[in-house]
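All remarks here apply to the structure that follows.
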Amino acid sequence: MIFVILFYTIYAYFNMQHINGRVASVDVDRQKHTYLTLKLTGDKRIYYQVYGKRFYDPAIENLHKNDSITLYTFNTPEKKHAAISSSGDQSSFLYYPVFNINKQSAGILDVFYYYIYDNLILSLIVAFSWVLILYNGFYIFIQAGWAIKIPIIIWTLIMAWIMI
């Protein structure tokens with residue numbers, strides 16, 4: 001699954017588009033996670049992003065109507081699916097995710113975090129597969145020499161840092 005997410009990340013990063021425009025409307029919701037809904041003047045697309053954990057853009061707090069803005073987004077829209085329970089928003093729509101507002105370049109790490117945090121199913125599969133790897137690899141890890149243990153320990157710490 002990590003390789004699938006890395007493939008999506010690299011493909012999306014190299015196919016991003018740079019958008020310039022003026023803010024027609026902006027809605028920032030600060031709750032457990034921060035949600036951004038953005039529309040630009042003369043552009044019918046919906047720019048939407050759910051920020052959480054390490055994936056966050058502090059520039060959204062300074063956005064106001066009629067501000068000049070630059071951002072990066074995908075060439076093709078993503079779909080926000082309707083909530084499963086009746087307590088949430090039941091609408092689904094196509095949107096363009098927002099990356100690196102008013103910055104010079106897009107960040108590949110932000111795209112990676114987008115795919116990790118935005119896709120709950122992928123996150124669960126990655127976490128479950130990582131637990132299985134650790135469980136099944138524990139005996140091999142104990143028997144292995146330090147030349148193999150050190151890269152495994154580093155990789156485990158990196159994955160724990162990303163997932164937590």
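The values are calculated or read from the model by the stated rules, or taken from the named source; none is laboratory data. Since the structure is predicted, the reported quantities are computational estimates derived from the model, not experimental observations. FYI the Cβ positions are ideal-geometry reconstructions off the backbone, even for glycines, and counts take in every protein chain you see. Surface areas here come from the heavy atoms of the whole protein model, side chains and all, with no ligands, DNA or RNA. Shrake-Rupley method; radii C 1.70, N 1.55, O 1.52, S 1.80 Å.
With the simple spin-label model, which puts each label point 7 Å out from Cα in the Cβ direction, the ILE108 to PHE128 separation comes to 3.0 nm.
A simple count of charges around ILE101, restricted to other residues whose Cβ falls under 13 Å of its Cβ and scoring Lys, Arg +1 and Asp, Glu -1, yields -3. Length available on full extension from ASN66 to THR41: 0.36 nm per residue minus the Cα-Cα distance, which gives 8.2 nm.
These residues, GLU78, GLU61, go from largest to smallest accessible area, 1.4 Å probe, as GLU61, GLU78.
At the residue level, LYS79 shows approximately 110 square angstrom of accessible surface with a 1.4 angstrom probe and all protein chains present.
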